[in-house]
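This report refers to the structure that appears directly beneath it.
All of the numbers you see were taken from the coordinates with simple rules; none came from a lab. If you're wondering where the values come from, they're calculated on a predicted model, not measured in any experiment. Note: ideal-geometry Cβ built from the backbone for every residue, glycine included; neighbour counts use all protein chains shown.
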Amino acid sequence: MGKKILGIVGSYRKGGVIDSAVSEVLDAAREGGAEVEKIHLLDRRIEFCTNCRRCTQREGPEPGPCVHDDDMAGLIAAIEEADALVLGAPVNFGGVNALTQRFLERLVCYSWWPWGQAAPRLRKKGKPAKKAVLITSSAMPAIMGRFRTGALKSLKKGAGVIGARPVATLYVGLAARSERQPLGMRTVARARRAGEKLSKP
């Protein structure tokens with residue numbers, strides 16, 4: 001049976017640069033024998049984290065339950081079932097966009113942080129890591145965006161919290177030249193190579 005690969009799209013634009021790049025990764029992984037699923041955060045109801053830390057109090061490797069009754073529990077279940085992940089989000093105001101940031105903040109459930117403990121411990125630390133591909137985009141050239149924006153850093157932190165190790169990162173630069181900008185051939189090729197990495201043992 002092939003690997004299960006989950007793509008999470010944090011873009012506000014379906015069919016845009018991020019969505020298209022995630023699709024290319026997933027398509028290549030599917031062709032390599034993987035079972036793939038794509039989720040748009042835009043379609044899910046995710047409440048803001050209130051920092052109550054209820055989800056961090058129970059010890060153990062499983063993510064702690066949240067006080068919110070929303071769609072995040074289903075997302076966590078999908079992440080847990082996946083063998084590999086694709087996380088995609090655009091740069092807004094120099095960092096990851098608000099839709100994705102809301103999702104990332106809710107990943108605090110992957111830490112054990114009882115009251116009285118000085119710092120959290122990651123539940124997945126030391127466990128076999130899932131593979132991950134991280135994708136972001138901005139209006140500036142990619143070489144500048146990698147150093148002047150914090151989106152990739154945020155996605156890497158999110159991947160690490162859930163126990164995923166990036167095997168490829170894709171930064172799509174100059175991504176605001178038209179309203180419906182297609183992916184360039186080089187970007188498509190890089191995305192597909194990343195998908196092939198995810199589908200391999």
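A few remarks follow.
- Taken together, the residues in the stretch 39-69 that are free of Cβ contacts under 8 Å to residues at least 60 places away in the same chain, assigned to a loop (DSSP other than H, G, I, E, B) and touching a helix residue (DSSP H, G or I) at 6+ places or on another chain (Cβ under 9 Å) amount to 11.
- Every condition in (1) assigned to a loop (DSSP other than H, G, I, E, B); (2) among the small types (Gly, Ala, Ser); (3) out of contact with any helix residue (DSSP H, G or I) (no Cβ under 9 Å at 6 or more places or on another chain) holds for Ala175 except the one numbered (3).
- At least 2 residues being buried (at least 16 other Cβ atoms within 10 Å of the Cβ) and under 15 Å from the mean Cα position of the chain (by Cα) is the threshold, and among the helices (runs of 4 or more DSSP H) wholly inside the stretch 85-172 those reaching it are 98-105, 151-161.
- Close pairs (7 angstrom Cβ cut-off, 6 or more residues apart or separate chains): more than 13 Å from Gly88 (Cβ to Cβ) in the stretch 1-12, assigned to a strand (DSSP E or B) and basic (Lys, Arg) anywhere: none
- Total residues in the stretch 70-84, condition touching a residue at least 60 places away in the same chain (Cβ under 8 Å), charged (D, E, K, R) and in a loop (DSSP other than H, G, I, E, B): 1
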